[in-house]
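To keep things clear, I will list the structure first and then write my remarks on it.
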Amino acid sequence: MRLTQWTDYALRVLMYCAAHEHREAAPTIAQIAQAHDISRSHLMKIVMELSAKGWLSTTRGRGGGLRLLRQPSQIVLGEVIRQMEKDFALVDCMSDDAKGCHIDGRCRLKGVLGQATQAWMQVLDGVTLAELVTPVSAGLSQSVSIRNIGLAGGSSRSPGSRPMR
């Protein structure tokens, strides 16, 4: 199972804001883009969607920036992912516009992959944004500190390794 880059970046924005929520100055799109090496214009579109969906408050101009509209402990990953992802079909036969399958009625792949997706989302429904980040104090580095929460059955990653996608 793989999240789209859109959802990946949306989670990064939310995590960055959560890690910096206690700073006096709100994080900006420019800061997040630089921290994650993401195009500012692409990130702006993602921030607009996060704002429209009620996750972020955005303030323009001098002293502006991004703030979470809920506490990080109230933001559930499964909920964010469901709202940001457009398609959870792992194979063609699971999509709404699937063409007829020659072995439909005898094949159990669709059901098994559906159960796997539900189990995956169940794990994500048990994780909040607060569990993923460690707040950064104002005098420390601007980078987000991300926790490895050690989910059962998940692989441990070293702090510098990239997440599985």
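The values are calculated or read from the model by the stated rules, or taken from the named source; none is laboratory data. Since this is a predicted model, take the numbers as computed values, not measurements. All Cβ positions, glycine included, derive from the backbone under ideal geometry; neighbour counts span all protein chains shown.
Gln5 fulfils the conditions (1) without any contact (Cβ under 8 Å) to a residue 40 or more places away in the chain; (2) closer than 13 Å to Ile75 by Cβ; (3) not small (Gly, Ala, Ser) except for a single criterion, (2). Tell me whether segment 6-23 contains one or more residues that are under 15 Å from the mean Cα position of the chain (by Cα), surrounded by fewer than 16 Cβ atoms within 10 Å (Cβ to Cβ) and not aliphatic (A, V, I, L, M). Looking for residues that are under 15 Å from the mean Cα position of the chain (by Cα), surrounded by fewer than 16 Cβ atoms within 10 Å (Cβ to Cβ) and not aliphatic (A, V, I, L, M), one finds at least one in segment 6-23, hence yes.
Is one or more of the residues making up segment 52-70 in a helix (DSSP H, G or I), at pLDDT 95 or above and not β-branched (Val, Ile, Thr)? Before the answer, list the steps.
Initial filter on segment 52-70 (in a helix (DSSP H, G or I)): 52.
Pick out the ones that are also at pLDDT 95 or above and you get 52.
Adding the requirement that they be not β-branched (Val, Ile, Thr) leaves 52.
Yes, there is a match, as at least one residue in segment 52-70 is in a helix (DSSP H, G or I), at pLDDT 95 or above and not β-branched (Val, Ile, Thr).
Checked against the criterion of being assigned to a helix (DSSP H, G or I), more than 20 Å from Thr128 (Cβ to Cβ) and among the β-branched types (Val, Ile, Thr), the candidates Val47, Val13, Val80 yield just one match: Val47. A single member of Val76, Val133 is within 20 Å of Trp6 (Cα to Cα), under 18 Å from the mean Cα position of the chain (by Cα), at pLDDT 95 or above and not basic (Lys, Arg), and it is Val76.
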